[in-house]
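Worksheet: one structure, shown below.
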Amino acid sequence: MPARTRPLRTAAVLALALGTLVTATGCGAKVAEETDSEASGGGPVTLTNCGKKVTFDKVPERVVTNDVGITEIMFALGLEDRMAGYAIPDDKGDADRFPWKDGYDKVDRLSKKELNQELVLDARADLVFAGWNYGFSESTGLTPARLKKLGVDSYLLTESCRNGSETAGSVGGKARGVMPPLRALYTDLRNLGKLFGVEDRAEKLIADSRKRIADAQAKIPDGKRPTVFLYDDGRDKPLTSGRYAGPHDIITKAGGDHVMKDLKDSWATVGWETVVERDPDVIVINDYGDTSAAQKKKFLTSYEPLRDVSAVKHDRIYTLDYADLVESPRNADAVSRLAGYLRAESGS
């Protein structure tokens, strides 16, 4: 996520060679979904975060978050009283239909841009919940290692865990993603539930998410799945989702076939020739930033190389909010809505 105007990823200019991408487990072998912590009872709590054991000596009381999905994970767990503030731009979309929307009124908004060290220190944070390219970046100097030197703990969003790959297809040479996106969400809910002693809330959120997704899947018609491409932004090269970002599971669980499922990264750029070659039946637009969804659609429908792509030719272009597509408690709702759209387009 970029230092936001593009909230999702910082430098997203990559030359992608899909066939040569390699999955590596560096930076922490296998990342377990379950935590290794004891239930929070005031003493030290040890979690597995991005493949590393991390021990928290006490329950954090002044958490600062970066970006909408991360912030809403805290809200959904009912942890507003443990927060000192959040930093997000105006990309939260329609939060009114979600029960945790009041969190935005209860917690201070520190910035409409990404976090920086000054904001963290001014908020007297004892924990920063962010992710690589979701607030943490060597280029800005805000990293877990730097915060540790300042006496501030960190928790990394699991979607953003680096998998150790140093390939042309990774953002800044640091490919991200170590497990399927929904599993990453459930891992973070369980980890934070144990850290803050709200395991029951975490398990309820996970159960509700799984039920909503199962309900949507029960209505998926038999037959060939429509192929789907996620368009984030970009004119010369499109920024899209690989197998480790939220859209992969959202598309797949909704009954689609993600055309970039072989991209072993979370978010990356590809060439338009790849999109043309894979000829998606549907394009999903990620709505955020300075370029509106309507402007993105206008570009897609007027860009000459895409004129024969099925999704463009038949006007099968659907929009989801940024907050639906990054790791967040909104993911199950996004599955349900996209599944409804795909059913309608299939005539079922």
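Per-residue SASA remark: Arg201, around 120 Å² accessible (1.4 Å probe; ligands, DNA and RNA not included). Candidate cross-link partners of Lys194 among the lysines, defined by an alpha-carbon separation under 21 Å and a same-chain spacing of 8 or more, comprise Lys30, Lys52, Lys53, Lys58, Lys204.
Helical runs (DSSP H, four residues minimum) scored at -39500 (n - 2.57) apiece and divided by the length of the chain put the mean residue ellipticity at 222 nm at -9000 deg cm²/dmol. When Met260, Met83 are compared by accessible area of protein heavy atoms, the largest-first order is Met83, Met260, using a 1.4 Å probe. GNM, the chain, Cα, under 10 Å: largest mean-square fluctuation among Leu115, Leu338, Leu306? Looking only at Leu115, Leu338, Leu306, the biggest GNM fluctuation is shown by Leu306. At an R0 of 22 angstrom, the distance between the Cβ atoms of Ala218 and Asp94 translates into a FRET efficiency of 0.30. If you take the square roots of the eigenvalues of the alpha-carbon gyration tensor of the stretch 139-223 and sort them as a ≥ b ≥ c, do you get rounded (a/c under 1.5), prolate (a/b over b/c) or oblate? Because a/c hits 1.5 or more and a/b fails to exceed b/c, the stretch 139-223 counts as oblate. Which of rounded, prolate or oblate describes the stretch 160-291 when judged by the alpha-carbon gyration tensor and an a/c cut-off of 1.5? Oblate. Assuming charge only on the beta carbon of Lys and Arg (+1) and of Asp and Glu (-1), the dipole of the chain about its Cα centre is about 380 debye to the nearest 20. Among Gly197, Gly256, Gly177, the largest mean-square fluctuation in a Gaussian network model of the chain (Cα springs under 10 Å) belongs to Gly197.
For the chain, with all protein chains in place and a probe radius of 1.4 Å, 47% of the accessible heavy-atom surface sits on carbon or sulfur. Top mean-square fluctuation among Pro305, Pro89, Pro329, Gaussian network model of the chain, C-alpha springs under 10 Å? Top of the fluctuation ranking is Pro305.
Between Asp236 and Arg62, the simple spin-label model (points 7 angstrom out along Cα→Cβ) gives 4.4 nm. Rounded to the nearest 20, the Cβ-based charge dipole of the stretch 192-274 about its Cα centre (Lys and Arg +1, Asp and Glu -1) stands at 220 debye.
The values are calculated or read from the model by the stated rules, or taken from the named source; none is laboratory data. Bear in mind the structure is a predicted one, so any value in this text is a computation, not a measurement. Note: ideal-geometry Cβ built from the backbone for every residue, glycine included; neighbour counts use all protein chains shown. Only protein heavy atoms, including side chains, enter the accessible area calculation; ligands, DNA and RNA are left aside. Shrake-Rupley method; radii C 1.70, N 1.55, O 1.52, S 1.80 Å.
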